[in-house]
């Protein structure tokens, strides 16, 4: 039976389009077409933040950079941005120009006289593949090119920059600060280098200090250089004599000191997984920690402006530090994030946006999704059941009430301990792929107090994903393959069999005892588990790049593709969505492909649309699939319309999805639209083809 479902109710303003089950459609006709995305501009992972006046400038890795209006710090507004062609790590500003350091590119210069439309004006290649930092002082840009040293560039005419020279550093050049006639370079294991740049075209080292850790960032204030020294915390160096820096003091942070900013007597340190540290340096010989803030993710970069700190912590977190001893989060940039998964119900999409939380988007206008709700948390996967959303947070499971999608509320949570990453639902049970913690079975009968019921921990390898079918669970185990489990007693799952699908099996799904698994080395694998103790290969297809997810819709398998990486050759493959015709499981055939500029981590198919989690939410229309295309409810009359691909299918109706009684609706087989009485309190419809 092939079917497509839709829910209607007398008092419903919108109908719920449910997922497509197997339908007879030619794979060659399937063409994904991008219809919309949220937000309407590229997003990326914040790698640096700089504040100049009432604007913040943020680098976003693959997504380039963006400019924020922070005249109201608690509610910043995006003004504009631009891609850079590489991985943007740092940014500096001088007048009407921004200077972006990007690995694989070097230095990109943009005219921002109109911040809504930055205009690229020049490019200076890096001297090596890793460009990490940039500082502009006067007419010169100082570009840190990693192991290839520091490059000095004359930018007196930003549209025609002139490289002057490259100063070789003894180790990786991370960042540089310029004060007066001296440049201070954070050079990893070589510590701090002091260069005389009186003649910028001929810098010469006049001093240095070998810090005890790994110098990554440096800021100069008065007679002191403050070094973010990773494992050794911060180092405070007296540079009153630049030729002879000497240690004045230091403070070892609980996490890696990645970057820092100085304001008055306080140093604000981005401490990686330990968050923000506020250090009082009134006495440089005896600095002391007076406050801090633990965010949702790794704190990599920090900037301070007045009474506010801007912390690059997966998003740009905005903290009120009017009392440095008690930093208080007052907002964020609102749009940063990293879409990891999406679930769709009715006119709403629930986006697991990593450290930016769970976002609720309205799909009422399919061409322009808009955010209508948000819950602040870490969210890496989401699944829906009725008026609840279940979210994997990495640390565990959170249950959320979505009765009002515009106001999601946390009901309860439970830690899982191993790295909760993917979920599957069955009634009052949630099955959590918890990687090091194996498969966890959580009872959510009481959503305010989830309880661990049982689990399964393989002898080796972590559990990457889980799929359910009846009284069986199938789990993808790293370094092992696909394990079939008997979950008739969910408190004590029992292994039935294992298929060695590959060393990097990351995702799977199941239909009628046939498992479709994707492995980064072995490709798409189709496995018959009719006899779970003796699973057999049915077919396979090679994949280029890394497969992150797979889902089935009709006779198609949809595979979310990430960029592949090989140490010898660098990036391989292509990120995007790969579609296969699996009408003959023993011989999967390519049936469609769309390339994306960012990694796709998950794909969800609902009706004739595919929703891709790819930093942003991307919505593709799948032309060639049968689907309901419109519905309207007026004066107790319901009109349903479907596309020509569904011509010949029957419309069926049931009053409930609990023990459904599907009945044919007369007159539908040779039509693409039908108007019916809508007198019941609720009704469910589907299109089927024998």
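The values are calculated or read from the model by the stated rules, or taken from the named source; none is laboratory data. No experiment lies behind these values; they were computed from the predicted model shown. Cβ: placed from backbone, ideal geometry, glycine included. Neighbour counts: every protein chain shown.
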1 or more residues closer than 18 Å to residue 509 by Cα: qualifying strands (runs of 3 or more DSSP E) within the stretch 553-669 = 556-562, 576-581, 589-595, 602-606, 609-614
Unique match (being out of contact with any helix residue (DSSP H, G or I) (no Cβ under 6 Å at 6 or more places or on another chain), surrounded by fewer than 16 Cβ atoms within 10 Å (Cβ to Cβ) and closer than 22 Å to residue 89 by Cβ) among 198, 211, 169, 189 = 189
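Tell me, yes or no, whether the stretch 493-501 has at least one residue that is buried (at least 21 other Cβ atoms within 10 Å of the Cβ), touching a strand residue (DSSP E or B) at 6+ places or on another chain (Cβ under 7 Å) and in contact (Cβ under 8 Å) with a residue 60 or more places away in the chain.
Taking every residue of the stretch 493-501 in turn, none turns out to be buried (at least 21 other Cβ atoms within 10 Å of the Cβ), touching a strand residue (DSSP E or B) at 6+ places or on another chain (Cβ under 7 Å) and in contact (Cβ under 8 Å) with a residue 60 or more places away in the chain.
So, residue 264, is that one without any contact (Cβ under 8 Å) to a residue 12 or more places away in the chain and farther than 30 Å from residue 404 by Cα or not?
Yes: the conditions hold for residue 264.
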Could you check the stretch 133-210 for strands (runs of 3 or more DSSP E) lying wholly inside it with 1 or more residues that are in the same structural domain as residue 236 (by TED's automatic domain parsing), farther than 19 Å from residue 237 by Cβ and touching a strand residue (DSSP E or B) at 6+ places or on another chain (Cβ under 7 Å)?
-> 133-137, 140-144, 150-154, 162-167, 204-209
So residue 316, is it closer than 21 Å to residue 42 by Cα and touching a residue at least 24 places away in the same chain (Cβ under 8 Å) | yes
Could you tell me whether the stretch 518-541 includes any residue that is crowded, with 22+ Cβ neighbours inside 10 Å, under 15 Å from residue 479 (Cα atoms) and either under 30 Å from the mean Cα position of the chain (by Cα) or free of Cβ contacts under 8 Å to residues at least 24 places away in the same chain (or both)?
-> yes
Sort through 84, 49, 100 and tell me the only one that's touching a strand residue (DSSP E or B) at 6+ places or on another chain (Cβ under 8 Å) and assigned to a loop (DSSP other than H, G, I, E, B).
-> 84
Identify all residues within the stretch 58-72 that are in a loop (DSSP other than H, G, I, E, B) and at pLDDT 90 or above; write none if there are none.
-> 60, 64, 70, 71, 72
Confirm whether residue 394 is on the phi > 0 side of the Ramachandran plot and over 15 Å from the mean Cα position of the chain (by Cα).
-> no
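Looking at the stretch 172-186, which of the residues that are within 37 Å of the chain's Cα centre (by Cα) and either over 17 Å from residue 129 (Cα atoms) or touching a residue at least 60 places away in the same chain (Cβ under 8 Å) (or both) is surrounded by the fewest Cβ atoms within 10 Å (Cβ to Cβ)?
Within the stretch 172-186, the match that is surrounded by the fewest Cβ atoms within 10 Å (Cβ to Cβ) is 178.
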The listed residue being closer than 21 Å to residue 160 by Cβ and in contact with a strand residue (DSSP E or B) (Cβ under 9 Å, 6 or more places away or on another chain), out of 122, 116 = 122
Which one of these does residue 58 not meet: (1) surrounded by fewer than 21 Cβ atoms within 10 Å (Cβ to Cβ); (2) touching a residue at least 12 places away in the same chain (Cβ under 8 Å)?
-> (1)
For the stretch 299-317, name all the residues that are under 20 Å from the mean Cα position of the chain (by Cα) and surrounded by fewer than 24 Cβ atoms within 10 Å (Cβ to Cβ).
-> 300, 314
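Yes/no matrix, rows are residues, columns are (1) assigned to a strand (DSSP E or B); (2) assigned by TED's automatic domain parsing to the domain that holds residue 192; (3) under 23 Å from residue 314 (Cα atoms); (4) touching a residue at least 60 places away in the same chain (Cβ under 8 Å):
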| residue | (1), (2), (3), (4) |
| --- | --- |
| 255 | no, yes, yes, no |
| 278 | yes, yes, yes, no |
| 283 | no, yes, no, no |
| 290 | yes, yes, no, no |
| 297 | no, yes, yes, yes |
Single residue of the stretch 400-421 satisfying the filter (more than 21 Å from residue 362 (Cα to Cα) and touching a residue at least 40 places away in the same chain (Cβ under 8 Å)) that is farthest from the chain's Cα centre (by Cα) | 418
